[in-house]
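Notes follow once the structure below has been shown.
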Amino acid sequence: MNGHKWLRRAAGRCLALATVAGMAFSQTERTEGAEGAYPAPKGVKFIADIPYREGNEAWMVDIAMPAESGGAPRAAVLAVHGGGWTSGDKNGQRVLINYLAEHGYVGVGVRYRLTGEAPFPACIEDAKCATRWLRAHAADYSVDPNRIGAFGHSAGAHLAAMLGVAPKSAGLDDGPWQDQSSLVNAVCGVATPTDFVNGRESRRFKTENEARKCSPITYANADAPPFLLIQGTKDGTVDPQQAKRFADALRAAGAKNVNLVLLDELGHDPLPSHEAILRPMILAFFDTTIGSQAGLLGRQVDMAEEYRTTRRTAEGYKFDKVAQFDKDGDGKISRSEFGGTGEMFARIDRNFNGCIEKEEMESQPTSQRQGGRRGNVTPE
C-alpha cells in the first residue's frame, strides 16, 4: 500500500459518499450511556468502565467482545480517542469497538488523563498502562496477548503510534503491570502527529528534549510493528508531511511493514465522508497483521518472489514449493486449499483445470510453459 495512487484518485472523487447511519467510527462520534446500559449489537458483549489502574476516573476502559467464546483467544484492538489531548473520551469509541467485536476482535476503548488535568507525558503513560493491563488480564477477556493492535485518529493516532514504537527505556511506562509489555503488535493511525520538535505542537513543551521524548519519530526502529498511516493531503490540523516523514524514518530504520495512504484533497478527518473506503481497509490491515489472516500477505509475497526467481531455473518451480497446502496428501491442491492469490494459482495451474497437481508441476519446468489464459505475462 506504499503510495496507493489509485486510492488517492478514488478518494478524491468520492465526496458524495454517505456514511452508513449509526455505523461511522469517526472520532467525532459521541455515544453516551449509563454504566452497563449501552446497547450492544446482537452477538456482542459490552462491558463499560473497567478500571485499568486505581485512583482516577480517567483510568478506565470499555470492552466489546463477541458474546460467544469461540475457543481460541482473540486479537484485540485498543481504540484511543482524539481531541487534541485536551478533550474527548473513550465513550466516543463505543461504535468502533462494537464494530470490531462484530468482526471477531476484542475492542477496547481507552480513557486517559487529558492535558488540562495532567501535562505530557501523562496521556502516553496512561495509554501504555492500559496496554499492560490488557496483557495482564488477557485470559479474563479471551485475548491473545501477542496479537494486540491500536487505532486512533489525530491525538489518538499519536498515542497509538507511541504504543507501537516507544520502548520501556523511553521512561514512559508509569504505573502497575510492569511485568507486561506496553508495545502493541500493529498500529493504524489517521492524521497522526509524529514529530513534536518540528511541528506546531512544539509549543506544548518547555524544552526540545521533552518534545522529542513524546514524538513517535524519535523511536523509529527496525522492530516496529506493522503500521498503516492514513493521511489527507489537505489536513490543516496535522501537517501531512508528518506522516510522510514518519513512514520514511520507519523504513530507513529497517521496519518491514510500513503502509502510507495519502488521500488527495481530503482534510483532517476523512472517516465520516469516506468510511465506505476506509473502514474495509482498516479492518483488512488488522486482519492481515494480528487477525484471522495474520501473516497471509507476507506468505503470498514470499511465494511470488520465489516463483519469480526459480521458475526459469533448470529445476523450475516444483510441487514441493506449495505442498504445504496439500492437506490430505493426495498430490492435488484446489483453489479453496491454496494459500496464495488467485493470479498465482492460475499461473501454477498448468492444465487450467482448477487444480494444482503434483504430476503436472513435475512434468516440465515452468520456463517451458507458453501461452495460456494469461499469455507470457511475468509477475514481478
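The values are calculated or read from the model by the stated rules, or taken from the named source; none is laboratory data. Fair warning: this is a prediction, and the values are worked out from it, not measured in the lab. No Cβ is skipped: glycine too gets one built from the backbone with ideal geometry, and neighbour counts run over all protein chains shown.
Here are a few things to note about the model shown:
- Restricting attention to segment 59-99 and to residues that are among the charged types (D, E, K, R) and outside any loop (DSSP other than H, G, I, E, B), the residue that is surrounded by the most Cβ atoms within 10 Å (Cβ to Cβ) turns out to be 94.
- When residue 288 is tested against (1) of a type in the set (Val, Ile, Thr); (2) over 24 Å from residue 225 (Cα atoms); (3) in a helix (DSSP H, G or I), only condition (2) is not met.
- Subset of segment 202-223 [part of a helix (DSSP H, G or I) and among the hydroxyl-bearing types (Ser, Thr, Tyr)]: 202, 218, 219
- Condition check for residue 294: part of a loop (DSSP other than H, G, I, E, B) and touching a Ser or Thr at 6+ places or on another chain (Cβ under 9 Å): yes
- Lone qualifier among 131, 194, 115 - being crowded, with 24+ Cβ neighbours inside 10 Å, assigned to a loop (DSSP other than H, G, I, E, B), at pLDDT 95 or above and of a type in the set (Val, Ile, Thr): 194
- Any chance residue 53 is modelled with pLDDT of 50 or more, assigned to a helix (DSSP H, G or I) and not aliphatic (A, V, I, L, M): no
- Within segment 281-332, considering residues that are more than 30 Å from residue 150 (Cβ to Cβ) and of a type in the set (A, V, I, L, M), the one modelled with the lowest pLDDT: 314
- Only residues that are crowded, with 20+ Cβ neighbours inside 10 Å, part of a strand (DSSP E or B) and not β-branched (Val, Ile, Thr) were counted in segment 224-259, giving 5.
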